[in-house]
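Structure first, then comments.
The values are calculated or read from the model by the stated rules, or taken from the named source; none is laboratory data. Since the model is a prediction, treat every value here as computed from it, not as a measurement. Positions of Cβ are backbone-derived with ideal geometry, glycine not excepted, and every protein chain shown enters the neighbour counts.
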């Protein structure tokens with residue numbers, strides 16, 4: 001019976017090119033050392049309490065659970081997936097070699113490694129049932145997804161027989177983290193369904209919530225600027241922020257960053273929102289010119305933080321309701 005695992009490729013998907021090139025999957029918490037050198041999870045927890053003493057106890061416990069899963073529970077032949085948030089698609093592979101601790105093989109910050117044979121086929125998040133999207137929205141680095149193995153194999157055109165681990169109950173802190181992650185992914189899905197003009201208005205509403213006056217460009221050619229934001233009523237007081245909003249699947253490019261830099265007003269600060277993410281060249285140009293970049297994930301985090309201060313017309317584009325969970 002096949003086990004299925006979701007493994008996140010770093011905080012910003014930055015590990016995916018390395019994983020595909022090296023045929024690996026990897027996780028961090030390098031400060032713990034080789035988890036195979038600990039005879040029990042309790043000993044590993046003691047180490048975590050020492051090296052991560054400034055973190056919350058529940059966070060330390062969650063990290064240990066994930067490192068222990070990765071190093072002890074993932075076996076050769078298990079199936080793994082990871083998520084490319086820029087392309088909104090899942091990459092599927094099969095474990096060919098179990099855990100090793102090797103800072104030299106991949107990224108030194110992610111020394112816990114398994115060998116994986118990654119497949120060329122990709123599965124679009126939009127093609128999955130909503131229940132699957134919800135389950136896969138967890139922000140945990142490593143977790144089981146056996147219940148969706150058949151769906152992934154079906155989309156890959158293969159038969160499957162998956163197992164369900166009846167003993168893998170999540171600790172309370174992981175459940176809370178899981179709920180928050182799923183909620184954020186659901187909001188990302190809703191934002192992704194907006195049209196470009198609605199996205200422009202949503203970003204303008206977010207800036208209003210932050211205390212800015214805004215001027216939104218009308219539909220049609222905008223000269224590279226979709227929104228102007230400023231603190232005073234007339235737009236005289238600096239800083240003035242010029243904003244470009246790209247709502248599409250493809251990543252924003254370096255020339256598009258340059259276009260925003262060259263648009264009037266020349267001396268304004270630059271904010272570029274791209275739900276499709278950014279190319280590496282675009283990130284380099286933005287860093288060199290102090291352009292603030294916001295992708296879909298960061299946009300949703302900002303919206304959640306400022307939601308109650310957003311004007312009603314912006315909130316109507318993305319209706320959300322508050323829920324309460326135990327601390």
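Key figures
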read-out	value
Residues within the range 206-248 that are touching a residue at least 60 places away in the same chain (Cβ under 8 Å) and either farther than 30 Å from residue 135 by Cα or outside the structural domain of residue 264 (by TED's automatic domain parsing) (or both), tallied	3
Residue within the range 182-192 that is assigned to a strand (DSSP E or B) and either closer than 27 Å to residue 262 by Cβ or out of contact with any strand residue (DSSP E or B) (no Cβ under 9 Å at 6 or more places or on another chain) (or both) present	no
Of all residues making up the range 254-269, the number that are in a loop (DSSP other than H, G, I, E, B) and at pLDDT 95 or above	0
Filtered residues of the range 98-129 (kept if out of contact with any strand residue (DSSP E or B) (no Cβ under 7 Å at 6 or more places or on another chain), without any contact (Cβ under 8 Å) to a residue 24 or more places away in the chain and more than 15 Å from residue 155 (Cβ to Cβ))	104
Residue among 58, 47, 87 that is under 29 Å from residue 189 (Cα atoms) and touching a helix residue (DSSP H, G or I) at 6+ places or on another chain (Cβ under 6 Å)	58
The range 270-316: number of residues that are in a helix (DSSP H, G or I), over 22 Å from residue 195 (Cβ atoms) and touching a strand residue (DSSP E or B) at 6+ places or on another chain (Cβ under 8 Å)	3
Any hit, the range 301-308, residues being in the same structural domain as residue 204 (by TED's automatic domain parsing) and over 18 Å from residue 209 (Cβ atoms)	no
Scan of the range 298-327 for residues that are surrounded by fewer than 19 Cβ atoms within 10 Å (Cβ to Cβ), within 16 Å of the chain's Cα centre (by Cα) and touching a residue at least 40 places away in the same chain (Cβ under 8 Å), ordered by number	301, 302, 304
Set 76, 85: member being surrounded by 15 or more Cβ atoms within 10 Å (Cβ to Cβ) and either at negative phi or at pLDDT 95 or above (or both)	85
Test: residue in the range 143-155 that is closer than 18 Å to residue 35 by Cβ, modelled with pLDDT under 95 and in contact with a helix residue (DSSP H, G or I) (Cβ under 7 Å, 6 or more places away or on another chain)	no
Unique match (being touching a strand residue (DSSP E or B) at 6+ places or on another chain (Cβ under 8 Å) and assigned to a loop (DSSP other than H, G, I, E, B)) among 239, 319, 218	239
Options 254, 268: the member that is crowded, with 18+ Cβ neighbours inside 10 Å and over 20 Å from the mean Cα position of the chain (by Cα)	268
Residue satisfying condition, being closer than 22 Å to residue 96 by Cα, under 26 Å from the mean Cα position of the chain (by Cα), at pLDDT 95 or above and surrounded by fewer than 20 Cβ atoms within 10 Å (Cβ to Cβ), within set 4, 19, 68	68
